[in-house]
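Only one structure is covered here, and it is reproduced in the block below.
Quick note: the coordinates plus some simple rules give every number you see, no bench work behind them. What you see is a predicted model, and the numbers here were worked out from it, not measured in a lab. Counting neighbours? That spans all protein chains shown, and the Cβs are built from the backbone with ideal geometry, glycine included.
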Amino acid sequence: MAEPAGPFHLLRARTGRFLCYCGRDGAVYVTDAVEVWAGELGACLALGCRCSPEEHGAMLRAALGHGGAALSLGPGSATLRLPEEPRCPALALAQLPAAEARSQLQALIFGMAGRIESLERRLEDPSPRKSRASSSALPAKRKVPGESLINPGFKSKKVSSGVNFEDS
């Protein structure tokens with residue numbers, strides 16, 4: 001049961017939506033929430049790939065990030081195509097057996113739930129900047145007649161008489 005490492009990307013194929021993500025084990029997974037396909041980054045040489053697994057992973061993440069990947073499904077397999085990457089045109093994915101797919105989906109669900117829980121916890125905790133700002137906030141001061149708006153605390157010695165438009 002490989003824990004998902006992400007990033008997570010949604011793919012659209014003619015048969016529906018799919019979630020593509022990388023596992024901590026270096027594999028790439030694609031699922032429609034019922035079936036799971038998996039492929040190793042180093043196993044794409046048969047499809048014409050001329051790069052290392054690390055390079056392939058970086059290219060795959062970049063292609064998924066900007067929507068440059070396409071998924072095609074076949075009986076028992078799938079192909080993740082990266083048309084914008086001439087060195088790594090595709091990654092072969094094999095459909096996992098039902099028991100292994102169930103285990104992988106369980107790892108995916110609980111892994112994502114853990115991330116959501118962590119994000120919610122971080123959102124609930126006040127940040128140091130917010131807590132300092134809220135504790136130092138003073139009550140609103142009332143406007144005192146004759147006090148300057150630009151320089152609060154300074155009182156005019158003369159009573160304001162307004163603006164005279166007729167002298168100009």
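Annotations
- Available extension along the chain between Arg115 and Leu149 is 7.3 nm, counting 0.36 nm per residue and deducting the alpha carbon span.
- Simple spin-label estimate for His66 and Glu166 in nanometres, 7 Å along Cα-Cβ: 7.1 nm
- FRET efficiency for Ser77 and Phe8, using Cβ-Cβ distance with R0 set to 25 Å, rounded to 0.05: 0.70
- Per-residue ³J(HN,Hα) for the range 28-38, Karplus 6.51 cos²θ - 1.76 cosθ + 1.60, θ = phi - 60°, Hz, x for Gly and Pro: 10, 10, 10, 9, 10, 6, 10, 10, 10, 10, 9
- Neighbour counting of Cβ atoms within 10 Å sorts the residues Arg12, Arg61, fewest neighbours leading, into Arg12, Arg61.
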